[in-house]
1. Being touching a residue at least 40 places away in the same chain (Cβ under 8 Å) and under 23 Å from N129 (Cα atoms): is that true of P45 here?
2. Just one of the numbered conditions (1) crowded, with 22+ Cβ neighbours inside 10 Å; (2) farther than 29 Å from V347 by Cα; (3) at pLDDT below 95 is not true of K221; which one?
3. If you take the residues in the range 336-360 that are without any contact (Cβ under 8 Å) to a residue 40 or more places away in the chain and of a type in the set (K, R), which one is surrounded by the fewest Cβ atoms within 10 Å (Cβ to Cβ)?
4. Using beta carbons and a limit of 9 Å, which pairs, at least six apart or on different chains, have the first residue in the range 300-314 and among the polar types (S, T, N, Q) and the second one outside any loop (DSSP other than H, G, I, E, B)?
5. Check whether at least one residue in the range 130-142 is surrounded by fewer than 18 Cβ atoms within 10 Å (Cβ to Cβ) and out of contact with any Lys or Arg (no Cβ under 6 Å at 6 or more places or on another chain), and report yes or no.
6. Just to be sure I understand, how many residues within the range 133-159 are over 18 Å from the mean Cα position of the chain (by Cα) and either farther than 15 Å from A252 by Cβ or of a type in the set (K, R) (or both)?
7. Please go through (1) in the same structural domain as F317 (by TED's automatic domain parsing); (2) loosely packed, with under 15 Cβ neighbours inside 10 Å; (3) of a type in the set (S, T, N, Q) for Q17 and return the number of the only condition it doesn't satisfy.
8. Of all residues in the range 307-327, which are exposed (fewer than 15 other Cβ atoms within 10 Å of the Cβ) and closer than 23 Å to Y361 by Cβ?
Amino acid sequence: MDLFLLWTLFSLGIIIQAVYLLVIFGRVAFFNTPSTKQEIENEEPVTIVIAAKNEFKNLKTLIPKLFEQDYPKFDVMIINDQSTDRTKRLLEEMMAIYPKLRSVTIKYTPDHVTPKKYALTLGIKVAKNDVILLTDADCVPCSDQWIRKMTAPVREKGKRFAIGYSAYEQKPGFLNRWIQFETLMTALYYLSFGLWKAPFMGVGRNLCYRKSFFMEVKAFKGIWHLDGGDDDLFVNQYATGNNTSIVLDPEANTLSKPKENWGDYKIQKKRHLHIGKYYRSEDKRKIGFYALSHALFWLGGIALLIYFGLQSNWEHFLIVFGIILGRSFLMYVIFSTASKKINGSKVPSNILINDFLYLGYFWILGSISHQSKDIQWK
């Protein structure tokens with residue numbers, strides 16, 4: 001490849017990366033919670049909605065945790081989606097203990113819809129309250145203030161969406177370290193653009209909106225047939241800078257159980273990445289520009305190092321190497337600061353190694369997922 005072209009592509013990658021790291025992701029890293037006046041809180045009732053399929057063990061842990069929430073008016077709706085384990089019996093036992101726990105059992109799913117969307121639609125439809133707070137069965141709130149803080153933008157500010165963060169439990173092993181990094185990377189995408197008044201996705205493990213709005217837009221109209229998208233694609237269709245708030249507070253987070261083997265992780269990520277192709281064009285560009293510049297940076301940088309090394313041009317070799325180190329240091333600072341801001345903890349380990357591996361994740365697994373037809377919820 002022509003040396004001038006190689007330098008041009010590498011430089012372009014550096015410039016775009018700098019914009020993303022400093023300007024876009026920096027919005028999260030340097031976020032300051034705005035001061036608010038003390039006002040009388042609108043303690044509007046909230047319904048927590050959870051779709052569960054064969055989640056006996058997780059629900060046994062989650063349900064008591066939900067009823068430790070410090071919020072006066074809420075109930076819990078759990079949709080039992082054709083479970084074959086002891087979920088139904090557990091819910092019956094728990095409803096005797098917790099009067100504000102309700103459940104709906106689904107015995108079949110119509111052919112024209114996908115299971116989780118059908119389950120969520122039925123659960124939201126029969127929910128008692130207008131404010132809906134969504135999470136998954138394998139999640140737990142990170143504090144007893146979860147309901148209060150996650151629903152505040154919808155209850156008190158008239159927002160259509162409140163988008164929160166859901167972390168994964170830290171466990172030993174390379175897979176978990178990768179999950180920590182990839183989760184933070186994804187969060188920086190949607191939290192940063194959300195703070196810049198350009199939201200494009202949210203996660204169903206921590207998402208709030210109104211039942212009245214959900215019914216007004218006829219639930220998942222247009223995306224019924226897709227396995228996935230009940231959270232990010234739904235937000236992508238209707239979220240705007242004016243009707244959406246990002247909730248950036250460790251007490252408003254949820255904590256999820258991570259996948260523990262590569263096979264289960266691959267199934268999960270194929271579903272997530274597959275849905276991305278249905279985003280609006282401008283939103284796909286938000287992710288695409290970063291991924292392209294990331295590839296130009298690493299591939300261009302490595303190619304230049306090899307070229308100058310073979311030519312024994314150590315002056316230019318050190319210049320390129322210094323640029324790579326500088327960008328890596330900047331990334332580490334931004335990711336470390338953002339991680340502490342989002343969940344109050346230190347940055348995931350091996351961040352620079354995982355940053356390089358992100359090339360294969362996005363371009364290889366992303367391409368496979370884009371074309372895949374075997375997407376499933378459970």
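The values are calculated or read from the model by the stated rules, or taken from the named source; none is laboratory data. Every value quoted in this text rests on a predicted model; they were computed, and no experiment measured them. For neighbour counting, all protein chains shown are included, and Cβ atoms are generated from backbone atoms with ideal geometry for every residue, glycine included.
1. Numbers: touching a residue at least 40 places away in the same chain (Cβ under 8 Å): yes; under 23 Å from N129 (Cα atoms): yes.
Here the answer is yes, as P45 does meet what is asked.
2. The one condition K221 does not meet is (1).
3. Ranking the qualifying residues of the range 336-360, first place goes to K346.
4. Final answer for the pair search is Q311/F317; N313/Y307.
5. Scanning the range 130-142 turns up no residue that is surrounded by fewer than 18 Cβ atoms within 10 Å (Cβ to Cβ) and out of contact with any Lys or Arg (no Cβ under 6 Å at 6 or more places or on another chain).
6. Qualifying residue count for the region: 5.
7. (2)
8. Of all residues in the range 307-327, those exposed (fewer than 15 other Cβ atoms within 10 Å of the Cβ) come to 309-315, 318-319, 322, 325-326.
Across the range 307-327, the qualifying residue is only L325.
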